[in-house]
Amino acid sequence: MHALLAEFPVVIEIPVAWGEMDAFQHVNNIVYFRYFESGRIAYFERAGLMEAMAESGVGPILASASCKFKFPLTYPDRVLVGTRVGEIGSDRFTMHFRIVSARHDRVAAEGDGVIVSYNYRTKQKAELPAEMRNRIEALEMSNLRNGGS
């Protein structure tokens with residue numbers, strides 16, 4: 001586990017593709033949101049949220065996302081994307097993301113996403129199911145027990 005990602009229970013590695021760079025010779029800003037998306041989906045899978053959603057019809061949907069760019073990424077590189085959940089409310093939770101450049105061993109970006117509980121069958125916001133909350137809390141606690149901060 002990379003020291004800069006110790007507090008994140010889900011970490012994935014993604015290669016930086018040549019085609020992700022733009023005319024300014026760095027990875028285009030929108031790509032960072034794709035990296036966040038990949039981390040978010042990996043977190044949902046690891047926590048078992050996709051299975052819970054298939055059973056109940058209630059699952060996560062992205063309400064908002066933000067990114068603070070710290071360092072421009074370039075090809076060739078690999079990024080490590082850490083994802084964790086911070087605040088949990090009655091119908092939403094906040095995910096925190098960190099992108100680390102493996103080549104430069106430094107944080108390239110940090111971001112947040114507000115995830116709302118959504119009933120995909122009735123097409124409306126829903127209360128966060130207890131099972132979903134429990135799965136998130138279990139994954140976060142597992143990280144703390146295994147040395148995360």
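The values are calculated or read from the model by the stated rules, or taken from the named source; none is laboratory data. No experiment lies behind these values; they were computed from the predicted model shown. A quick note on method: Cβ atoms are made from the backbone with ideal geometry, for glycine too, and the neighbour counts reach across all protein chains shown. Calculation scope for accessible area: heavy atoms of the full protein, side chains included, ligands and nucleic acids excluded. Shrake-Rupley method; radii C 1.70, N 1.55, O 1.52, S 1.80 Å.
Descriptive notes on the structure:
- The gain in end-to-end length when the residue 88 to residue 106 segment is fully stretched comes to 3.6 nm, 0.36 nm per residue minus the alpha carbon separation.
- Among (i) -0.26, -1.15; (ii) -0.23, -1.01; (iii) -0.30, -1.19, the entry derived from the coordinates for log10 I(q)/I(0) by the Debye sum over Cα atoms at q = 0.08, 0.18 Å⁻¹: (ii)
- Modelled spin labels at residue 54 and residue 7, positioned 7 Å past Cα toward Cβ, are 3.4 nm from each other.
- Residues whose amide H comes within less than 5 Å of that of residue 73, counting only those at least five positions distant or on another chain, are 27 (H built at 1.01 Å from N in the peptide plane).
- Set of aspartates and glutamates with alpha-carbon distance to residue 70 below 12 Å, sequence-local pairs under 8 removed: 110
- The chain: angle of helix 29-47 to the longest principal axis, Cα-based, in degrees nearest 10: 40 degrees
- A probe of 1.4 angstrom, applied to the heavy atoms of all protein chains, finds residue 122 with accessible area near 80 square angstrom.
- Label-to-label distance, nm, for residues given as residue 17 and residue 45 (7 Å Cα→Cβ offset): 1.6 nm
- Rounded percent of accessible protein surface that carbon and sulfur make up, region 1-126, 1.4 Å probe: 53 percent
- Loop-located trypsin sites (Lys or Arg not before Pro) in region 66-149, at most 16 other Cβ atoms within 10 Å (DSSP): 70, 103, 121, 123
- Taking a ≥ b ≥ c as the square roots of the eigenvalues of the Cα gyration tensor, region 83-149 is classed as oblate, since a/c reaches at least 1.5 and a/b does not exceed b/c.
- ³J(HN,Hα) computed for each position of region 78-84 - Karplus, 6.51 cos²θ - 1.76 cosθ + 1.60, integer Hz, glycine/proline x: 10, 10, 9, 10, x, 9, 8
- Potential lengthening between residue 30 and residue 127 on full extension [0.36 nm per residue; Cα-Cα distance subtracted]: 31.9 nm
- By accessible area with a 1.4 Å probe, ligands and nucleic acids excluded, highest first: order of 104, 26: 104, 26
- Rel. contact order, % - alpha carbon contacts under 8 angstrom, at least six apart, region 85-139: 30 percent
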